[in-house]
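Right, one structure below, let's go through it.
Taken together, the values in this text are just the output of simple stated rules run on the coordinates, not laboratory data. All values reported here derive from a predicted model rather than from experimental measurement. Counting neighbours? That spans all protein chains shown, and the Cβs are built from the backbone with ideal geometry, glycine included.
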Amino acid sequence: MRIKGQGYITKKICQKIGFINRAKFRSLIERKEINFRNNKQINSTFDIISISGSKHFEEQILSILSFVENIGIPEKWIVFSDGTYNDVQKQQIRDIFDFVEIKNWNDNKLLYPNFKEALNKYTTNYNIGRKTYTIINYKSENPFLFCDSDLIFYPKFKEYLHLLKPNSCNYFSVDNDWCCLDTKYLNTKQQDMYQLNSGLLFIQNNFEWLPALEYINNLTGKYDFYDQTSVHIAYFNSSNANTLPFDPRLFKVEMSDHFKFKLNSNTKKLAVRHYVGPIRHKMWQKGWEWHLINR
């Protein structure tokens, strides 16, 4: 029998536990006691990029650590700072991961100069716009995997590495509901079979971003999932999109354990879980080492 407010009380307790465990992890970073044991490098033909800042410093380190321990050491991972990382935090990331390069979010050359004014306005008015800017203007000879800082990689991701190659598809993670998009956009569109979640994307280096930029060019008003909507529009409307979803059974964006003590996901059967804002505490509820299956 459930009591009134039981879910809310449960979440508050879980959040407190997660807060304590996250603070312990931060202390280990400061004492230089975080390291990885897996020295196996993966052979890949793609870059990995993220964008984060001081608010998600611990999550970013744990995300990279989960990839290294559960998958292997990538050839290239760039962490773009949203402008809030300090020099100490940048050095702490480099001390743990010598393969990680840290840049500022606006270091990339503007690839669509005709939209300079629109992008400047977008990144000024909406801090989250720096994420979109980074994705759109990242240029490399290789395709790239973009991942939010609150993603944890699990061993089954290795089964998908062979798909992440040049001239293959542009993959995206599937959101758990048709609601996390711009309300004005939702009011004019029928529901697609899959709604994109912009936390995990695999993007070819010739991807066409014009539909996203045209959407950004017309933005006004209070933030309403503009970053995710812009990427969703590009993925479903670009002339060379060729998009496919990651299997949502293995690449989880879910909140069904939002108000529960128990975590619903069996990590041994997952490739990735995205611990989005409302369930961020679940990322830390059981500590941090339990994510590292092979330790």
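Couple of notes before you dig in:
- Length added when fully stretched, residue 116-residue 84, from 0.36 nm per residue minus Cα-Cα: 9.3 nm
- Sequence-ordered 3J(HN,Hα) estimates for region 254-271 from the Karplus curve with 6.51, -1.76 and 1.60 and θ = phi - 60° stand at 9, 10, 5, 9, 3, 10, 10, 6, 6, 8, 7, 8, 8, 5, 6, 10, 10, 9 Hz, glycine and proline given as x.
- If you take all other residues with their beta carbon under 12 Å from the beta carbon of residue 11, and give Lys and Arg +1 and Asp and Glu -1, the sum is +4.
- Three principal axis extents describe the C-alpha atoms of the chain; from largest down they are 49, 49, 36 Å.
- Full extension of the segment from residue 42 to residue 206, taken as 0.36 nm per residue of separation minus the current Cα-Cα distance, would add 56.7 nm.
- For the chain, the dipole from Cβ point charges (+1 on Lys and Arg, -1 on Asp and Glu) about the Cα centre works out to 1280 debye, to the nearest 20.
- Over region 1-130, the reciprocal of the mean inverse Cα-Cα separation, the Kirkwood hydrodynamic radius, stands at 17.3 Å.
- Here the Debye sum runs over all C-alpha atoms of region 3-46 as equal scatterers in vacuum, and log10 of I(q)/I(0) at q = 0.20, 0.25, 0.31 Å⁻¹ comes out as -0.75, -0.87, -1.00.
- Placed amide H near residue 80: partners under 5 Å, 5+ positions off or other chain: 50, 51, 52, 103
- In region 155-295, the C-alpha radius of gyration followed by the widest Cα-Cα span (Dmax) gives 16.6, 49 angstrom.
- From largest to smallest, the equivalent ellipsoid semi-axes obtained for region 14-88 from the alpha-carbon gyration tensor read 23, 17, 11 Å.
- Distance from region 83-116 to region 138-160 (C-alpha centre basis), Å: 17 Å
- Rg [Å, one decimal], Dmax [Å, integer] - region 103-226, C-alpha atoms: 15.4, 43
- Taking 0.36 nm per residue of sequence separation and removing the Cα-Cα distance, the residue 250/residue 23 pair yields an extension gain of 78.8 nm.
- For residue 246, neighbours were defined as the other residues whose beta-carbon sits under 13 Å from its Cβ, and their charges (Lys and Arg +1, Asp and Glu -1) total +1.
- Taken about its Cα centre, region 221-275 carries a charge dipole of about 380 debye when Lys and Arg each add +1 at the Cβ and Asp and Glu each add -1 at the Cβ.
- Taking the Kirkwood radius as Rh and the Cα radius of gyration as Rg, region 64-148 has a ratio of Rg/Rh equal to 1.00.
- Mean-position separation - Cα centroids, region 1-71 and region 205-272, in angstrom: 21 Å
- Region 60-114: C-alpha gyration tensor shape, a/c 1.5 cut-off, then a/b vs b/c: oblate
- Highest-fluctuation residue, 137, 266, 176 considered, GNM on the chain with Cα pairs under 10 Å: 266
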